[in-house]
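The values are calculated or read from the model by the stated rules, or taken from the named source; none is laboratory data. Note that the structure is a prediction, hence the values are computed from the model and not measured. Ideal geometry is used to build each Cβ from the backbone, glycine not excepted, and the neighbour counts take in all protein chains shown. For accessibility, only protein heavy atoms count, side chains too; no ligands or nucleic acids. Shrake-Rupley method; radii C 1.70, N 1.55, O 1.52, S 1.80 Å.
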Amino acid sequence: MAQTLSPLQEERLKYEPKLPAVLRGKGKKTGMKTGKPTKSAADSGEIKKLFPHTYGQGEVRFVEGKGALKTDAIKVGVVLSGGQAPGGHNVLSGLFDALHVLNPKNKLIGFLGGPSGITDKQSVELTAKLIDAYRNTGGFDIIGSGRTKLESREQFDACAANLKALGISALVVVGGDDSNTNAAVLAEYFAANGMGLQVIGVPKTIDGDLKTEEIEVSFGFDTATKTYGELIGNVERDCLSAKKYWHFIKLMGRSASHIALECALKTRPNVALISEEVAAKKQTLAQIAEEITDTVLARAAKGKNYGVALVPEGLVEFVPEIKSLIAELNELVAKESAVFNSLQGSTARIDFVLNRLSALSKMAFGSLPKDIQAQMLDERDPHGNVQVSRIETEKLLMAMVAERVGTLKREGKTKAKFSPVGHFFGYEGRCAFPSNFDADYCYALGYNAAFLAAADLTGMMSTVSKLTKPAKQWDCGGVPITGLMNVERRHGADKPVIKKALVELDGKPFKSFAKQRAEWAVEDSYLFPGAIQYWGPTEVADQITATLALESK
Ligand code: FBP
């Protein structure tokens, strides 16, 4: 019979994630410490008004003790929401194992295809056999994922009715900032209507932008950046061997540049743009292209007509003139959605908005190539975000730098040869086999989520912290999701959402990068991280991200 599992898959199925000491045992020796009432990240008055039943809870931490967890049989539902992130299957296996340790009669139900699985009552019981086939594997395919936004009363009522019909008392939402915003809204609705249904969040996203003091990193960031780091290192080595191309690599990560920064620290490229810095310096697109051109020319002067540049996918959202343009486009498209959506083809849509934009935005939009204009008008995701992964920023910069180098050549000011190659690393990293770190971290997050459910909590996010220490010493508990929220403009209206954590320019990871980048620009300081290792010396197989390591110093 043909082999259905790869040798690595066979071996990874046997990996036993390391469990923090505080989660070991059968829950009978588990106590819980509750902290002081919390406030939201910003706009506390408004958030408190919108979440009167779940706002202000204290953070909790599991400790040795007793009486924190109820042991009567429960049925828990789980949904995977948003983009894939390595380790999702381990969240489910941790959740499953904890539930069965707490009470062998406990059951875990998975909702299929994301949040729409709850409203449409599409579910499957996660049995030991099913879970065992997915341990330590990448992907979300065990139950699938989706981006349906839960926002209407009809959807909330359908969720409640379907959860009740299935006998589920707690729902675990595994998602990023938008999906956990859904979780908070749902928790509040269930609490306000005395429905007796709990909601627990789990911080997922390769983007690394769901982050606070207690959520030191969202799961998937470690594996995704290790995967991109390997690919970038390989491109650097190719570059160094062939010495003829400039590689422009766009990296996933939505608005925040955490992925680009971590990859830069891992691989030392010649250029790495950080969107948050572009915003702080109020740089225009032309200025960014000019800066890259300076590096191209400086390297060419040393006989190096090659290089590697990293571009965060959300860059355009941070360039002031494009940021205002996007905000205007969002309002326009939301306000005139019926007419706009009825227009056929990108030319009609481009003309439609051009005639309605303010003079400044019209100029910014008009200066972009037509394919970029069309990509900016692509459908927003269900949460109202521009789909930045579809905007080919790397190509835009390649064209701008090529034009500038061409002009300088014609003027006899340089002899640089500029032959750019574009890449986009995104989907390649979202379903990789989770690194040991993500395998352990996700298992602990899922296990801990079961404890939060058994502790009768709601509106809480599962947290596992002190991650630079060995897994045995990790802290486990929860933070109220409302504590992460603020009010933002979405789909042309003010909405309560989880505040995105962007790269902090006074943080240690950025400062370390900024200190070294001038040297990386002109020298060949490339670092080759190589492929993720699952076995071997702990310095290699259990490496944490440079971001976490620097932040913990
Ligand atoms: P989440 O916030 O859902 O985790 O999204 C992660 C992400 O991979 C982003 O980096 C990227 O911009 C987006 O998903 C792509 O979305 P899609 O999978 O819908 O193409």
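Before moving on, here are some points about what is shown:
- Meets criteria (buried (at least 20 other Cβ atoms within 10 Å of the Cβ), assigned to a loop (DSSP other than H, G, I, E, B) and either without any contact (Cβ under 8 Å) to a residue 40 or more places away in the chain or not aromatic (F, W, Y) (or both)) for N136: yes
- Filter result for S337 (at negative phi, more than 23 Å from the chain's Cα centre (by Cα), without any contact (Cβ under 8 Å) to a residue 60 or more places away in the chain and open to solvent by 40 Å² or more (accessible area, probe 1.4 Å)): yes
- Residues in the stretch 140-192 that are part of a helix (DSSP H, G or I), within 16 Å of the ligand (Cβ to nearest atom) and in contact with a strand residue (DSSP E or B) (Cβ under 6 Å, 6 or more places away or on another chain): D177, S179, N180, T181, A183.
- Across the stretch 385-410, the qualifying residues are those that are farther than 30 Å from L329 by Cβ and open to solvent by 50 Å² or more (accessible area, probe 1.4 Å), and the one among them that is nearest to the ligand (Cβ to nearest atom) is K409.
Here is a yes/no grid of residues against (1) assigned to a helix (DSSP H, G or I); (2) surrounded by 24 or more Cβ atoms within 10 Å (Cβ to Cβ); (3) of a type in the set (K, R):
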position	(1), (2), (3)
A453	yes, yes, no
T468	no, no, no
R489	no, no, yes
K495	no, no, yes
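- Count of the stretch 367-400 residues, restricted to those that are in contact with a strand residue (DSSP E or B) (Cβ under 7 Å, 6 or more places away or on another chain) and either polar (S, T, N, Q) or in a loop (DSSP other than H, G, I, E, B) (or both), is 3.
- In the stretch 341-362, the residue that is surrounded by the fewest Cβ atoms within 10 Å (Cβ to Cβ) out of those that are of a type in the set (G, A, S) and part of a helix (DSSP H, G or I) is A359.
- Residue in the stretch 213-232 that is hydroxyl-bearing (S, T, Y), over 30 Å from I74 (Cα atoms), away from the ligand (no atom under 16 Å from the Cβ) and more than 12 Å from the chain's Cα centre (by Cα) present: no
- Options K335, K362: the member that is farther than 27 Å from A501 by Cα and modelled with pLDDT of 90 or more: K362
- Residues located in the stretch 142-185, provided they are acidic (D, E) and in contact (Cβ under 8 Å) with a residue 40 or more places away in the chain: D177, D178
- Of the residues making up the stretch 411-427, those that are open to solvent by 50 Å² or more (accessible area, probe 1.4 Å) and either in contact (Cβ under 8 Å) with a residue 60 or more places away in the chain or within 16 Å of the ligand (Cβ to nearest atom) (or both) are K415, K417, F424, Y427.
- Residue match in the stretch 401-418 (condition: in a helix (DSSP H, G or I) and under 30 Å from Q543 (Cβ atoms)): no
- Test: residue in the stretch 315-328 that is under 30 Å from A242 (Cα atoms) and open to solvent by less than 20 Å² (accessible area, probe 1.4 Å): yes
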